[in-house]
Structures are given as C-alpha cells and as structure tokens.
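Novice: This is the structure, below, for whatever I ask next.
The values are calculated or read from the model by the stated rules, or taken from the named source; none is laboratory data. Predicted model only: the values in this text are computed from it and were never measured. Every residue, glycine among them, receives a Cβ derived from its backbone with ideal geometry; neighbour counts consider all protein chains shown. Calculation scope for accessible area: heavy atoms of the full protein, side chains included, ligands and nucleic acids excluded. Shrake-Rupley method; radii C 1.70, N 1.55, O 1.52, S 1.80 Å.
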Amino acid sequence: MQRRSSLTLLAGLAGMTWTTAAHAGPPAGFAALERRVGGRLGFFALDTGSGRTLAHRADERFATASTFKILLAARVAHGVDTGRWRWDDEVPLQASDRVAHAPAFDRLLPRGRATLAELVQGIVVESDNPCANLLLRRCCDSPAGLTAWLREQGDTVTRLDRWELALNENAPGDPRDTSTPRAFATTLQHLLLGRGLKRASQARLWADMQASRTGLERLRAGVPGADWRVLDKTGTGNRGAVNDVALVFPPDGRAPWVVAAFQSGSGAPTDDLSAVHADVMRRLVQTWA
C-alpha cells in the first residue's frame, strides 16, 4: 500500500466518532488455545465503531518484545508533528551500533548515516534492532524516555526499561519491558486512529505496517479474505513471547478494530504460536462479523 492510499482512507475515517465504551464479550475459546500450546494468551480487541470489546487476560502483563517498535515509531512521528525534528534529519551510524537482526541497518551502514524516516521504516517494516536502539537514543534519550512519553499520552501501564536485545528476556514475573493487552490496544487506538498523531503521520505509519511481512502467519492469517485489511506489528522474544498488535479493517467501510495479542510461557515452536494468533483472529471474526 502506498502512503497516498493511506491518506485517502484516513480522510474517509476522519469523520467517524471513535468510542471506548466497553461491552466485553465471552472468551471465545481462548482458554482452549492456551491449553493447546501450554502458555498464557493475553488478548484485547476493540471495535472502534460500536465500542464492543473482547478480552482474555487483558489486564495481565506480557513482555512486549518488538511490538514496542510501533510505539517508538509513533513517538518519532509525534516529535515531527510538534516540530522537535524532521523526517529527513540524519543520525550517524557506526559499526559498533550493530546488534543482531539488522537488515535495514546493514543496508544503511555503508552510507554512514540514515534519516529518521529510514530508521522508522526499518523498525516497523523489518523490525530492525539497531535502528530501534538508535531511535531510542536520538528521540527518547533512553528506553525510560519512551516510557515517560507514553505516560504523557495517558498510558500508565506500558513500560520500556532496556535496549535491544536485553528487552526480550521475558523472565517470569519481571515487569520490565511489559504491557497489558488492554493498555497497548488503547494506546494504539489513541496514536494511530485518534488524536495522538496528525493524519499525515498516521498514514506514514499505516503504510509501513502494511509493508511489513513479519506477521503474515499471525493475525493477518486469520481474516477470511482479501477484502479484510490488517496492519500489524509483531514481536518475538524468549520464553514463548510471540506477539502481534494490529489495526483490522473489516469490509464494507466498517470502523476498524484494534487488536493486541500477546503470548508467554509456552515451549512450543514459534510457528505453532503464530498459528494461535491466526486462530484468535478467526474467533474474533466469527464473534463480531
């Protein structure tokens, strides 16, 4: 999807009224999915048109893993919106910045610099880890700086404490680098559908989420056809932290859904845990469509 089409869709959505009225539905078999893989599944979905919600362990903490990168991208976009920096501002790159999983960084390193736009695209489209660390340093000063900005956005739950790759540890009972499905989805709605960012910035992040291929076997795999659109950001960490967060656009111009799905504690292969996300989406569609 090109950014122009994102802007067109945003323009059509601009007149809608977003609501957070809660009408929680049944767990829709989510406990059975947990038993299948032997871990915890946290889920929260919000229909921004009707206000209905569907939740399972929605207020339990889960390691966010790389899903935090869409929040970091939004923080960079907010700085552009408020005039603190520009998309074409450049950040120096050094070989010493490199950590594992660096597809975008490795392409940009020979040039010795990258724009904020390029780094954001790297973290959203390819989930690049050194690009995320560079943006945390440049636009947040530290992981704690991202947490502080999230508090300003009204999120009192989500926190980032460590850099890549340490933030993926997912130690049992450790609150660092965690969120809850409800808190994450609510913040995602505010930033990507509400008034948290300007429309042009939302369109940019939508386009980057659409361009990503890391979630093709997760929530995206659970929608019934090509007339459904899913824009998502995945995260994968240790101890079964296999996550996906998304904006879901049903057909026929219906209002989007915001979905946050997190897993933890399973020893099953990543492919099996990804399949849980697809089944979660199928259950959501069956319940709401």
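Novice: Provide the per residue accessible area, probe 1.4 Å, for the range 35-92, rounded to a whole number of square angstrom. Please report the intermediate quantities before stating the final value.
Specialist: Details: 2100 Å² over 58 residues.
For the range 35-92, the per-residue accessible area is 36 Å².
Novice: I've got another one for you. Before anything else, pin down the relative contact order of the range 36-154: Cα pairs under 8 Å, at least 6 apart, normalised by residue count, whole percent.
Specialist: It comes to 21 percent, rounded to a whole number.
Novice: Still on this structure, please answer the following. What are the semi-axes of the equivalent ellipsoid of the range 189-289, taken as the square roots of 5 times the eigenvalues of the Cα gyration tensor, listed largest first and rounded to whole Å? Please report the intermediate quantities before stating the final value.
Specialist: Working: eigenvalues 109, 56, 26 Å².
Values for the range 189-289, descending: 23, 17, 11 Å.
Novice: Can you give me the relative contact order of the range 100-248 as a percent, contacts being Cα pairs under 8 Å and 6 or more apart?
Specialist: Working: 176 pairs, mean separation 27.2, N = 149.
RCO, the range 100-248: 18 percent.
Novice: Which peptide among 141-147, 260-266 comes first, and what is the full order, when sorted by highest mean count of other Cβ atoms within 10 Å?
Specialist: Ranked from most to least packed, the peptides come out as 260-266, 141-147.
Novice: Choose one answer from 272, 208, 232: the residue with the largest mean-square fluctuation in a GNM of the chain with alpha-carbon springs under 10 Å.
Specialist: Residue with maximal mean-square fluctuation among 272, 208, 232: 272.
Novice: Suppose each label sits 7 Å from its Cα in the direction of the beta carbon; what would the residue 148-residue 107 distance come out to in nanometres?
Specialist: Result for the modelled spin labels: 3.3 nm.
Novice: How large is the convex hull of the C-alpha atoms of the range 63-123 per residue, in Å³?
Specialist: Working: hull volume 5.4 nm³, N = 61.
Taking the convex hull of the Cα positions in the range 63-123, it is 88 Å³ per residue.
Novice: Which percent of the accessible heavy-atom area of the range 224-271 goes to carbon and sulfur, probe 1.4 angstrom?
Specialist: 46
Novice: Roughly how many whole Å is it from the C-alpha centroid of the range 26-94 to that of the range 130-162?
Specialist: Here the two parts' Cα centres lie 14 Å apart.
Novice: Right, another one. Counting only heavy atoms of the protein chains, get the accessible area per residue of the range 196-289 (1.4 Å probe) and round it to a whole Å² value. Before the final figure, lay out the partial values.
Specialist: Values: 3190 Å² over 94 residues.
Value returned for the range 196-289: 34 Å² of accessible area per residue.
Novice: If you don't mind, there's one more thing I want to ask. Tabulate in residue order the Karplus-calculated ³J(HN,Hα) for the range 160-177, using 6.51 cos²θ - 1.76 cosθ + 1.60 with θ = phi - 60°, rounded to whole Hz; enter x for Gly and Pro.
Specialist: 10, 10, 10, 8, 5, 9, 4, 5, 8, 4, 6, 6, x, x, 7, x, 5, 6
Novice: At 0.36 nm per residue, and after removing the present C-alpha to C-alpha distance, how many nm does the segment from residue 169 to residue 195 gain when stretched out fully? Mind dumping the intermediate values first?
Specialist: On the way: separation 26, 0.36 × 26 = 9.36 nm, distance 3.30 nm.
In short, 6.1 nm is gained.
Novice: Out of 124, 223, 242, any idea which swings most in a Gaussian network model of the chain, alpha carbons joined below 10 Å?
Specialist: 223
Novice: May I pose another question? Each residue of the range 199-216 in order: what ³J(HN,Hα) in whole Hz does its phi give by Karplus 6.51 cos²θ - 1.76 cosθ + 1.60, θ = phi - 60°, with x for Gly and Pro?
Specialist: 4, 5, 5, 4, 4, 4, 6, 4, 4, 5, 5, 4, 6, 5, 10, 6, x, 4
Novice: So, with a 1.4 angstrom probe, what is the percent of accessible area on the range 42-118 that is carbon and sulfur?
Specialist: Working: 1450 of 3040 Å².
Carbon and sulfur together cover 48 percent of it.
Novice: Sorted from largest down, what three extents in whole angstroms do the Cα atoms of the chain have along their principal axes?
Specialist: Its Cα atoms span 51, 44, 33 Å along the three principal axes.
Novice: How charged is the neighbourhood of residue 212? Take every other residue with its Cβ under 9 Å from the Cβ of residue 212, and add Lys/Arg as +1 and Asp/Glu as -1.
Specialist: Values: positive: 213, 233; negative: 126, 208, 232.
With Lys, Arg at +1 and Asp, Glu at -1, the net is -1.
Novice: Then there is this: Would you look at the GNM of the chain, springs on alpha carbons closer than 10 Å, and say which of 171, 100, 73 moves the most?
Specialist: 100
Novice: Additional query: Evaluate the distance, in nm, between pseudo-label points positioned 7 Å from the Cα of residue 287 and of residue 98 along their respective Cα→Cβ axes.
Specialist: 4.5
Novice: When a/c reaches 1.5 or more, the comparison of a/b and b/c decides; with that in mind, is the range 51-187 rounded, prolate or oblate per its Cα gyration tensor? Show your work: numbers first, answer last.
Specialist: Details: a/c = 2.15, a/b = 1.54, b/c = 1.39.
Here the range 51-187 falls in the prolate category.
Novice: Out of the total accessible area of the range 122-185 (probe 1.4 Å, heavy atoms of protein only), what percent is carbon and sulfur?
Specialist: On the way: 1130 of 2210 Å².
Result for the range 122-185: 51 percent of the exposed heavy-atom area is carbon or sulfur.
Novice: Under 1.5 on a/c is rounded, so check that first for the range 107-169, then, if it is not, pick prolate when a/b is larger than b/c and oblate when it is not; a ≥ b ≥ c are the square roots of the alpha carbon gyration tensor eigenvalues. All intermediate terms of the calculation are to be shown ahead of the outcome.
Specialist: Numbers: a/c = 2.25, a/b = 1.80, b/c = 1.25.
It comes out prolate by the Cα gyration axes.
Novice: Continuing with the same structure: How long is the range 125-284 along each principal axis, judged by its Cα atoms, biggest number first, in Å?
Specialist: Each principal axis gives a Cα extent; for the range 125-284 these are 43, 41, 26 Å.
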